[in-house]
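Right, one structure below, let's go through it.
The values are calculated or read from the model by the stated rules, or taken from the named source; none is laboratory data. Only a predicted model underlies this, so the values are computations on that prediction, with no experimental measurement involved. Neighbour counts run over all protein chains shown; Cβ positions are idealised from the backbone, glycine included.
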């Protein structure tokens, strides 16, 4: 059976792992860099989306110093920190970064009387992935890091505005990806990354009658475009919820044909996994590794 493993990990402030042209010599960060490299090696993914990704030069230094430079990488963003990146093993896949408009757009969210202007907090990385084995049918992979819910002022509207931004970004991403499918770039896609939203509606989302997760998944009113998630929340993982000392996890989402279609690539049944065994959240997770656990899924090709 020919497979590729897709994984995603929000590596807390990964830019701190590298200083100049070497792994950060600071004792704590040097140890964390070693832990992060070990975890990636144990994950052994063919594709690894990295959220809070360090810039290209630093990533190259980290991979070489850690013995992980058998991976190639793609990236969206040129910031000193918090880019979105993708490691890929060229022996398993061909990966091509796709261009699309990152321009601002207007959307009507919640009970606003008029549409407001929105922009991606961090432009998604969209990659066309072509497996080098199996039927070699391509699929699209979008690595995302949406707006944080964290507030920085006493403005009572800030929590609402943050959630509106997450919702608008989810809607926009769906439109972009379905548009690419309409243009026959591929016939299926997968979204991986940090949506910055957890299960259920919080007090603000109840007022908006929508959540960030729902905006990405779609609606039952349009079942042909609704997305699936592999994550079983009953296991105790809390997707990107920064307010409790629990295992924060990211999402892997995909349309119906990626899970139930008659052709490959297909998500392997019951292959989704939250790697709580690799990151010790209860033991100062962000100080030793990250405040997120990696997530993974196996794709049949």
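Looking only at region 251-276, filter to residues that are over 26 Å from residue 212 (Cβ atoms) and touching a helix residue (DSSP H, G or I) at 6+ places or on another chain (Cβ under 9 Å); which one of those is surrounded by the most Cβ atoms within 10 Å (Cβ to Cβ)?
Result: 265.
When the residues of region 200-241 are filtered to those that are under 16 Å from the mean Cα position of the chain (by Cα) and part of a loop (DSSP other than H, G, I, E, B), which remaining residue is modelled with the highest pLDDT? Before you say what the answer is, go through the steps one by one.
Initially, region 200-241 is screened for residues under 16 Å from the mean Cα position of the chain (by Cα), giving 212-217, 227-231, 237-241.
Now restrict to residues that are part of a loop (DSSP other than H, G, I, E, B): 230-231, 237, 240-241.
Values: 230: 68, 231: 63, 237: 58, 240: 56, 241: 53.
Once the filter is applied, the top-ranked residue is 230.
Can you tell which of 191, 195 is touching a strand residue (DSSP E or B) at 6+ places or on another chain (Cβ under 6 Å), modelled with pLDDT under 95, under 26 Å from residue 290 (Cα atoms) and crowded, with 18+ Cβ neighbours inside 10 Å?
195
Tell me, which strands (runs of 3 or more DSSP E) wholly within region 1-103 include 2 or more residues that are in contact with a helix residue (DSSP H, G or I) (Cβ under 8 Å, 6 or more places away or on another chain) and in contact (Cβ under 8 Å) with a residue 60 or more places away in the chain?
By residue number, 3-10, 47-53.
For residue 153, state whether it is outside any loop (DSSP other than H, G, I, E, B), without any contact (Cβ under 8 Å) to a residue 24 or more places away in the chain and either under 22 Å from the mean Cα position of the chain (by Cα) or more than 23 Å from residue 9 (Cα to Cα) (or both).
Taking the combined requirement at face value, the residue does not satisfy it.
From (1) touching a helix residue (DSSP H, G or I) at 6+ places or on another chain (Cβ under 7 Å); (2) touching a residue at least 40 places away in the same chain (Cβ under 8 Å), pick out the condition that doesn't hold for residue 125.
(1)
Among residues belonging to region 169-188 that are buried (at least 16 other Cβ atoms within 10 Å of the Cβ) and free of Cβ contacts under 8 Å to residues at least 60 places away in the same chain, point out the one that is nearest to residue 95 (Cα to Cα). Before the answer, list the steps.
First, the residues of region 169-188 that are buried (at least 16 other Cβ atoms within 10 Å of the Cβ): 169-174, 176-177, 180-181, 185-188.
Imposing the further condition that a residue be free of Cβ contacts under 8 Å to residues at least 60 places away in the same chain reduces the set to 169-170, 173-174, 177, 181, 186.
Working: 169: 24, 170: 23, 173: 20, 174: 21, 177: 17, 181: 17, 186: 13 Å.
This residue is 186.
Could you identify the single residue in 47, 17 that is in contact with a strand residue (DSSP E or B) (Cβ under 7 Å, 6 or more places away or on another chain), crowded, with 18+ Cβ neighbours inside 10 Å and within 23 Å of residue 141 (Cβ to Cβ)?
Being in contact with a strand residue (DSSP E or B) (Cβ under 7 Å, 6 or more places away or on another chain), crowded, with 18+ Cβ neighbours inside 10 Å and within 23 Å of residue 141 (Cβ to Cβ) holds for just one of 47, 17, which is 47.
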